[in-house]
Every structure is written in structure tokens, then in C-alpha cells.
Amino acid sequence: MSGNFEGKKVIVAGGSTGVGLAAARQLHHAKAQVTITGRSKEKLAQAADSVPGIKTVAVDSSDRAALDQFFQEQGPIDHLVVTLSGGKGAGQFSTLPLTDLLEGFEGKFWPQLHTVQAALPHISKNGSITIVTAVSSILGLPGTSGLAAINGSLELMIPAIAKEIKPVRINAVSPGVIDTPWWDFLPQADKQAAFNEYAAQTPAGRVGQPDEVANGILFLAGNNFVTGTVIRIDGGLSL
Ligand SMILES: NC(=O)c1ccc[n+]([C@@H]2O[C@H](COP(=O)([O-])OP(=O)(O)OC[C@H]3O[C@@H](n4cnc5c(N)ncnc54)[C@H](OP(=O)(O)O)[C@@H]3O)[C@@H](O)[C@H]2O)c1
């Protein structure tokens, strides 16, 4: 049944903060058995405190051997949600250190693919995979060519993977600017200034909230007739 998560086993890779934590919370409220992963045990403990009943496992998605062991230990799962991210890769192309872009791929592109590949043998045939990309893939915004490469590459892979792994489904949610701890690398005043600037460029007139992206994740995971697609949850920023 579409959208019925009761008793379903769901892994949220990168679920200790931001969009992943919001998805974990919504899935838990929908009566799924949710396990979140992340690297920091402290962040995982805080997440477990904020959503009593979810399980946490510290696993680094850039460590393939650790991922293989993690999914082996989990046994069969119904849905995989991949919300992990790096931070590098932004900047004007003419001066962007390509080592930054390499780090950007190492922080998001490869860990997301390793997570999906490691999970695949364990996902039920009625199950799904939902990854989180970013609208930088299509924005054409100066300073985001590197982010376009990382997120666009992931988005371009979705349709072919969907055909290969059928009947398991795979989709992506592509967010615009969302108020999450991802932005905490900026001092509070700079973060607010950046949010104000993006809000002014966004038809919705504001930046997004993690729950709004999580809502899209639950739609994609729960609708058995949707596969191979990318949905944008960006307040219209990419228009
Ligand atoms: N926030 C935005 O404006 C925005 C916009 C467009 C797209 N996105 C995308 O949305 C997704 C969620 O981002 P967010 O804003 O929610 O970021 P976030 O709050 O920083 O959350 C990232 C999560 O991923 C985990 N993580 C990162 N690297 C990991 C690794 N190698 N192994 C395991 N866990 C890892 C983090 O925990 P640890 O650090 O403890 O590992 C954390 O739980 C990302 O793919 C991001 O690129 C965000």
C-alpha cells in the first residue's frame, strides 16, 4: 500500500541532523522501525534523545567495508534514505581549488553511491531508495559549478539505476536552500544574511525547512508507482 510505513525497516544514512533527522522523525511517527547512521556518536546520541525509539549506529559512509558489515548486520530492509553530505566544492570555477572539488565528491558523491550499492542486496523487492541531491545541479548559479557536478552526476544516474534494480525503486529529492546545521560553518550573522539573499531569489520568499524535504522523501519512499525520478523541493529557486 502506498505510504504505509507501519513495521517497515528503514535506514536513514546521515540521519543524525537536518533533513535526515526530520525524515527519521516523520518515518518514526509513521510507525516505521528507523535506524539512523552518522559518524559523530555525539550527534547520534542527541538525535536519539530528540526522537525516542529510533536506533542509531555510528558508521562512516566513506568506509565501504564498514558499510558492508553494517548492512549485513541489519539483515533485510524495506527502505533506504541517503541524506549525507560533504561541504566542499563551492566557489568560482576560475579560482576553485580542484582539490576542494575532489573533497566535495569524496564527501557526498562516493559515500552516497557506496551506501546505495552496499544496501542493495538487502533491500526488499517492494522497497525503495531515496537519495538527497541539490538544485545546484540545474541552477546555473555562479559559484556552484562544482556542486552542480556532484549533485548533477547523482541525479543523472537515477533513471538508469532505476531500470537496473527494478522492482526496487530509486528516486532523488533535490532541495533548494534549507535551514539545517549544514550552514553552521558560517557565523550566525553571515548565515542569516545568506538565507535572506536566497529568500529574495526564491518565489516562496523564504528558505526551506528540513520537514518540507522530509515530506518529499516520505512521498517517494511510500508511493510504489514512482521510480527513476528527481523531485525538486526548492520553493521555486530553480525556476
Ligand atoms: N541544507 C541545505 O541548504 C541543502 C541544500 C541542498 C541540498 N542539501 C543536501 O541535503 C542533504 C542533507 O543535508 P543537511 O542540510 O540535512 O545536512 P546536515 O544537517 O549537515 O546533515 C548531514 C548528515 O550526514 C551525516 N554524514 C555526513 N557525512 C557522512 C558520512 N561520511 N558517513 C555517515 N554520515 C555522514 C552527518 O553526520 P556526521 O557529520 O556525524 O557524519 C549528518 O547526519 C545533503 O545531501 C545535502 O547536500 C542540503
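Each value in this text was obtained by applying a stated rule to the coordinates, not by laboratory testing. Note that this is a predicted model, so its numbers are computed, not measured. Neighbour counts are summed over all protein chains in view; Cβ atoms, including those assigned to glycine, are modelled from backbone coordinates with ideal geometry.
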Does anything in segment 7-30 have its amide N under 17 Å from the 7 Å Cα→Cβ label point of ASN126, and if so which residues?
-> 7-11
Roughly speaking, what is the centre-to-centre gap between segment 51-76 and segment 157-193 when only Cα atoms are used, to the nearest Å?
-> 20
Over the chain: helical MRE at 222 nm, DSSP H runs n ≥ 4 each giving -39500 (n - 2.57), nearest 500 = -13000 deg cm²/dmol
How far, in nm, would the chain grow between GLU73 and THR99 when pulled straight, counting 0.36 nm per residue and subtracting the alpha carbon separation?
-> 5.9 nm
In order through segment 72-88: 3J(HN,Hα) via Karplus (6.51 cos²θ - 1.76 cosθ + 1.60), integer Hz, x for Gly, Pro | 4, 5, 6, x, x, 10, 9, 9, 10, 10, 10, 10, 6, 8, x, x, 8
Compare the peptides 90-100, 104-114 by average per-residue count of other Cβ atoms within 10 angstrom and give them in order, highest first.
-> 104-114, 90-100
Compute the long axis of helix 145-165 from its Cα atoms, compare it with the longest principal axis of the Cα atoms of the chain, and write down the angle in degrees, 0 to 90, nearest 10.
-> 30
Site SER40, offset 7 angstrom along Cα→Cβ, radius 16 Å on amide nitrogen, limited to segment 161-199, gives 180-188
Exactly which GluC sites (Glu not before Pro) in segment 1-99 are in a DSSP loop and have at most 11 other Cβ atoms within 10 Å?
-> GLU6
